Amino acid sequence: MVQIVLIGFMGAGKTAIGKQLAQKLRIPFLDTDQLIEEELDLTIPEIFENHGETFFRRKEAEILKKIQMQAQDGIISTGGGIVLNQDSQEVLQDFAHVVFLNVRFETLIERIQKDTENTRPLFLNHSAKAFQKLFTDRLPLYEKNGTIIVENEKKTIEEIANEILLKVGV
Ligand code: S3P
């Protein structure tokens, strides 16, 4: 069984790289944000607005646990804040492969601004300074919970996917 979890800040490339990995390995691609939206029949901004961030973090932990218990092949892309919840961290620690996609803050901001299809409530409701602090505060959590670190800067999606496969050894 192959399960590879991708973690990292918003805009780190988890979805694009996750889809590429899934295609290469011919295994399912799972996205925790998407699964939560489907389960609740609400968009991420609606969930934040109607139920709050803590509720969303609990849902993330539940979904991640469910995926792990199913023990089926899959590439699992997570929301950038999944590492904030203690339960999610415990589940992450039970996965053999957790890839932290590391990207500089300046690059992330550029990508988030360009990605108009994906509305990120935390980007919209934080000042530039507070958003940067969010990033700085989370960095050690990504480092702690990742079993592998891959830099996603000035490389193609294909190159990164190959690098991950080499490091994971599948
Ligand atoms: C969040 C990241 C988002 C989404 C939600 C909260 C975060 O996912 O889960 O808006 O706290 O970093 P992406 O990392 O896919 O943008």
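The values are calculated or read from the model by the stated rules, or taken from the named source; none is laboratory data. Everything numeric here is computed off the predicted structure, so don't read it as measured data. Positions of Cβ are backbone-derived with ideal geometry, glycine not excepted, and every protein chain shown enters the neighbour counts. We work out accessible area using only protein heavy atoms, side chains counted, and drop any ligands, DNA or RNA first. Shrake-Rupley method; radii C 1.70, N 1.55, O 1.52, S 1.80 Å.
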Residue check for I82: under 17 Å from P121 (Cβ atoms) and touching a strand residue (DSSP E or B) at 6+ places or on another chain (Cβ under 7 Å): yes
When you go through N102, N125 one by one, which is the residue that is under 21 Å from V5 (Cα atoms) and of a type in the set (S, T, N, Q)? N102
If you take the residues of the range 34-45 that are more than 13 Å from the ligand (Cβ to nearest atom) and free of Cβ contacts under 8 Å to residues at least 12 places away in the same chain, which of them is least open to solvent (accessible area, probe 1.4 Å)? E38
Return the residues of the range 126-149 that are more than 16 Å from the ligand (Cβ to nearest atom) and either open to solvent by less than 40 Å² (accessible area, probe 1.4 Å) or at pLDDT below 95 (or both); say none if nothing qualifies. I148
Flagged in the range 61-80 as touching a residue at least 24 places away in the same chain (Cβ under 8 Å) and either within 15 Å of T15 (Cβ to Cβ) or out of contact with any helix residue (DSSP H, G or I) (no Cβ under 7 Å at 6 or more places or on another chain) (or both), in numbering order, are I67, A71, Q72, D73, G74, I75, I76, S77, T78, G79, G80
3 or more residues farther than 25 Å from K24 by Cα and of a type outside the set (K, R): qualifying helices (runs of 4 or more DSSP H) within the range 89-170: 105-114, 121-124, 128-145
Can you tell me which residues in the range 51-82 are of a type in the set (A, V, I, L, M, F, W, C) and away from the ligand (no atom under 13 Å from the Cβ)? I67, M69, A71, I75
Specify the residue that is farthest from the ligand (Cβ to nearest atom); the eligible residues are those in the range 12-33 that are closer than 16 Å to V170 by Cβ and of a type in the set (G, A, S). A22
Single residue of the range 83-104 satisfying the filter (more than 21 Å from V168 (Cα to Cα) and surrounded by fewer than 24 Cβ atoms within 10 Å (Cβ to Cβ)) that is nearest to the ligand (Cβ to nearest atom): L84
Report whether or not F48 is in contact with a helix residue (DSSP H, G or I) (Cβ under 6 Å, 6 or more places away or on another chain), open to solvent by 20 Å² or more (accessible area, probe 1.4 Å), within 12 Å of the ligand (Cβ to nearest atom) and in contact (Cβ under 8 Å) with a residue 40 or more places away in the chain. yes
Going through (1) free of Cβ contacts under 8 Å to residues at least 60 places away in the same chain; (2) open to solvent by less than 70 Å² (accessible area, probe 1.4 Å); (3) within 13 Å of the ligand (Cβ to nearest atom) one by one, L122 fails only at (1)
Which count do you get for residues in the range 1-33 that are without any contact (Cβ under 8 Å) to a residue 60 or more places away in the chain and assigned to a loop (DSSP other than H, G, I, E, B)? 3
